[in-house]
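One structure is given below, encoded as structure tokens.
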Amino acid sequence: MENIKIGNSYQCQAIGLEKEVIGVVEQLYNNTVLINVVSCDPIDRPTVIELQNRLLVKYEDVVIEEVVGVTAS
């Protein structure tokens, strides 16, 4: 996926997790991206905590861009 941008949120399948997560891209590498996890399945929560919410994702496992909005009050 060539349109991946730092600071955007994406739904993706991170390396080492069972379910998809939503994460904000922090860094782009040659074959992977580093994300900061925003949302994950409860089954993967212990692994996400152990890795301090930062996971690697292969480019081909980035599924869709997510809109993580902030509601105005």
With a ≥ b ≥ c the root eigenvalues of the C-alpha gyration tensor of the chain, is it rounded (a/c under 1.5), prolate (a/b larger than b/c) or oblate? oblate
Which residue fluctuates most in the GNM of the chain (Cα springs below 10 Å): Leu51, Leu34, Leu17? Leu51
If exposed GluC sites (Glu not before Pro) are those in a DSSP loop with at most 15 other Cβ within 10 Å, what is the longest stretch of the chain that has none? 19-73
5 Å is the cut-off here: which amide hydrogens, built 1.01 Å from N in the peptide plane, fall below it relative to Glu66, excluding neighbours closer than 5 in sequence? Ser9, Tyr10, Gln11
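Per residue, how large is the accessible surface of the chain? Use a 1.4 angstrom probe and give square angstrom. Numbers along the way, then the final one.
Details: 4930 Å² over 73 residues.
Accessible area per residue, the chain: 68 Å².
Length gain on complete extension for the stretch Gln13 to Val63, per 0.36 nm per residue less the alpha carbon to alpha carbon distance? Don't skip to the answer; put the middle values down first.
Details: separation 50, 0.36 × 50 = 18.00 nm, distance 0.76 nm.
Value of the extension gain: 17.2 nm.
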In the chain, taking the dipole from +1 charges on Lys and Arg beta carbons and -1 charges on Asp and Glu beta carbons about the Cα centre, the listed residue (Val33, Gln52, Ala14) farthest towards the positive end is Gln52
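The values are calculated or read from the model by the stated rules, or taken from the named source; none is laboratory data. Since the model is a prediction, treat every value here as computed from it, not as a measurement. Positions of Cβ are backbone-derived with ideal geometry, glycine not excepted, and every protein chain shown enters the neighbour counts. What goes into the accessible areas is simple: the full protein's heavy atoms, side chains included, and nothing from ligands, DNA or RNA. Shrake-Rupley method; radii C 1.70, N 1.55, O 1.52, S 1.80 Å.
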